[in-house]
Each structure stands twice: as structure tokens, then as C-alpha cells.
Amino acid sequence: MAGSSAYELPDSLVSTGWLADAMAEGRVRVFDCTCFLVPDPKTTLRAESGRAAYEEAHIPGAGFLDLTGDFSDPAGRFRFTMPSPERLAEVFGAHGIGDGMAVVLYAADSPQWATRFWWMLRVAGFDNAAVLDGGLKKWRAEGRPVESGAVTLPPATLTPHPRPELVVGRDGVLAAVGDPGVCIVNALSAAQHKGEGAHYGRPGRIAGSTNVPSATLLDPQTNAFLPAAEIEAALRAAGAMEAARVVPYCGGGIAASVTAYWLTRLGKQNVALYDASLSEWVTDEKLPMEVG
């Protein structure tokens with residue numbers, strides 16, 4: 001489906017009804033971003049590409065973006081390591097996202113895969129992208145059409161306008177620990193935040209961090225986000241809305257992209273995703289963690 005060089009998306013979150021109309025008018029390019037985290041006794045969770053699920057059923061005309069493939073740095077030490085902004089622009093272009101286009105992202109299950117791609121597009125300097133509220137689950141529940149097979153969209157040119165400040169590494173996070181102007185937010189479950197259940201090698205949380213589980217920001221029946229006012233209230237209760245700077249993290253920078261996405265939607269400017277998150281943090285015993 002062709003993207004319009006003149007069309008600006010009305011919002012960074014769009015409804016299924018809006019998308020159906022926009023597709024009928026040829027205004028957007030749509031991409032399935034599905035990935036699955038499968039329980040694994042060796043690695044806690046194993047990442048599996050959503051390509052097979054995409055080829056079984058996807059929104060008509062949608063391309064596929066594979067986080068386990070081109071969109072993770074093969075030289076990175078950790079799963080899902082984000083490529084450089086320049087590399088991101090190159091691979092997004094190869095998959096059909098280019099300058100002036102309007103892009104809608106969705107996933108079959110959790111929207112965290114779509115928000116991760118939304119954040120990576122921002123890192124590369126592309127802003128005209130939105131997340132489909134409710135994703136494929138809501139789309140199908142409403143009886144909207146799907147198709148099988150694969151769609152190959154023609155390549156495009158995406159000019160990089162790098163925003164490296166949207167991503168932070170371990171040293172930046174360590175400097176933020178104890179800084180009263182920075183709110184470090186854990187997007188994992190409340191149990192994991194306390195140090196209970198599954199963990200990434202050391203239980204608990206980055207010292208001093210607060211907790212807003214990304215899963216609690218969704219309506220479990222529809223997969224759509226809760227009302228913006230409720231999400232803002234949760235982030236405000238965690239201290240994120242008043243902080244001068246916010247650093248969301250999780251296990252590998254995926255669930256935390258939901259936090260980063262919503263903070264940005266709510267007007268926060270100084271937000272940096274800890275890309276490697278606990279996958280990296282737990283590997284160094286000197287880096288402070290808390291439980292309880």
C-alpha cells in the first residue's frame with residue numbers, strides 16, 4: 001500500500017476504525033511487528049520471530065518487521081540490542097519506510113513490539129508513525145479482514161536524523177541512580193520489581209527505581225490501552241511526570257518502550273530508554289540492585 005508524501009498522522013495512537021478508513025484511501029503503510037517471548041528454563045524467556053503468525057494472518061497489505069532479524073544489532077552482546085540510528089534508517093528503508101510516509105505499527109499480542117518499533121523510528125529521526133490501539137486482536141475481534149502469505153513493500157529512502165539521546169547505556173543509568181532529578185521506571189511486573197519469580201540473573205530492580213508494569217496499562221479483554229488519564233495517573237504516582245528526566249527499563253528494552261511511548265505522548269521531552277536494561281545490568285555485581 002502506498003504511503004502518502006503529504007499525509008500527517010493525526011496522533012501517535014490510532015483506532016481500528018480510523019485505520020480501516022486510512023487504508024481504504026491509501027494514506028498509510030502498515031506493519032506487523034509481532035514477536036513472541038516463550039518461557040525457557042535456560043534463558044527465562046526465549047524470543048521467537050512472529051513471522052509465521054504474520055504469514056498465517058495479518059491486516060491486508062501489512063508488511064512485516066522482524067525484531068529478531070534486521071532490527072537487532074548482530075554485534076550486540078544482548079538480545080534486541082538496538083542498531084545505530086544510521087543502520088536503523090537503512091533497514092527501515094529496505095522494508096519500505098521512507099521520508100514523508102505515514103506508518104502504522106501493530107502486533108498480534110502485546111503492543112510492546114509496536115511501541116519498540118515506534119521508538120526505534122524516533123531514534124532514527126522519523127516521527128510520522130502511530131501504534132494501532134488493540135493491535136491485531138482488536139482488529140479481528142471486530143470482524144475486520146485479514147489475509148495470509150507475505151507482503152513485500154517496495155523499498156524507500158529514509159534519511160537518518162539521529163537522536164542518540166533517546167537511548168541510554170549502563171553508565172548513564174548508573175549516573176542517574178540517586179539523582180533526584182531523574183526517575184528510573186521499571187516496566188516489569190510488580191513481583192519482578194520486588195525480586196520474586198523469574199529474573200534475569202539477579203532478582204530485583206535497579207536501585208531507587210519505581211514501578212509501572214506495562215501490562216497494567218492495557219485492557220486485557222481488548223488489548224487496547226487504558227484511557228490516557230489513567231495511564232498518566234499511574235506514571236504520576238511513580239514520580240515520572242514531575243521528573244526532569246525519565247529512564248524506563250525492563251528486561252531487554254521492550255516492555256519499557258511502552259513507558260517511553262506513553263511519556264512522550266503525554267508531553268515528556270527528556271525520556272531515554274535503557275536499551276539493554278536488566279539483561280546488561282545484572283551481569284555486573286557492582287551495579288546496585290534492590291529487592292523487597
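Among the helices (runs of 4 or more DSSP H) confined to the stretch 81-170, the ones with at least 3 residues that are of a type in the set (Gly, Ala, Ser) are located at 85-94. Would you check which residues across the stretch 255-281 are open to solvent by 10 Å² or more (accessible area, probe 1.4 Å) and within 17 Å of residue 169 (Cβ to Cβ) and list them? Those that are open to solvent by 10 Å² or more (accessible area, probe 1.4 Å) and within 17 Å of residue 169 (Cβ to Cβ): 270, 275, 276, 279, 280.
How many of the residues in the stretch 163-207 are in contact with a Cys (Cβ under 8 Å, 6 or more places away or on another chain) and of a type in the set (Phe, Trp, Tyr)? Here the count works out to 0. Among the residues of the stretch 175-190, which ones are modelled with pLDDT of 95 or more and out of contact with any strand residue (DSSP E or B) (no Cβ under 9 Å at 6 or more places or on another chain)? Of everything in the stretch 175-190, just one residue is modelled with pLDDT of 95 or more and out of contact with any strand residue (DSSP E or B) (no Cβ under 9 Å at 6 or more places or on another chain), namely 180. May I ask you to verify whether residue 68 is of a type in the set (Ser, Thr, Tyr), touching a Ser or Thr at 6+ places or on another chain (Cβ under 8 Å) and surrounded by 16 or more Cβ atoms within 10 Å (Cβ to Cβ)? It is false that residue 68 is of a type in the set (Ser, Thr, Tyr), touching a Ser or Thr at 6+ places or on another chain (Cβ under 8 Å) and surrounded by 16 or more Cβ atoms within 10 Å (Cβ to Cβ).
How do the pairs read when you match residues in the stretch 118-129 that are within 12 Å of residue 100 (Cα to Cα) with residues anywhere that are surrounded by fewer than 24 Cβ atoms within 10 Å (Cβ to Cβ) and aromatic (Phe, Trp, Tyr), using Cβ under 9 Å and keeping only pairs 6 or more apart or on different chains? Matching pairs, first to second residue: 128/7. Within 28 Å of residue 213 (Cα to Cα), at pLDDT below 95 and touching a Gly at 6+ places or on another chain (Cβ under 8 Å): does that describe residue 64? In short, no.
The values are calculated or read from the model by the stated rules, or taken from the named source; none is laboratory data. It should be emphasised that the depicted structure is a prediction, and the values quoted were computed from it without experimental measurement. Glycine gets a Cβ as well: all are built from the backbone with ideal geometry, and neighbour counts include every protein chain shown. Each accessible area value is taken on the protein alone, full model and side chains, heavy atoms only, with ligands, DNA and RNA left out. Shrake-Rupley method; radii C 1.70, N 1.55, O 1.52, S 1.80 Å.
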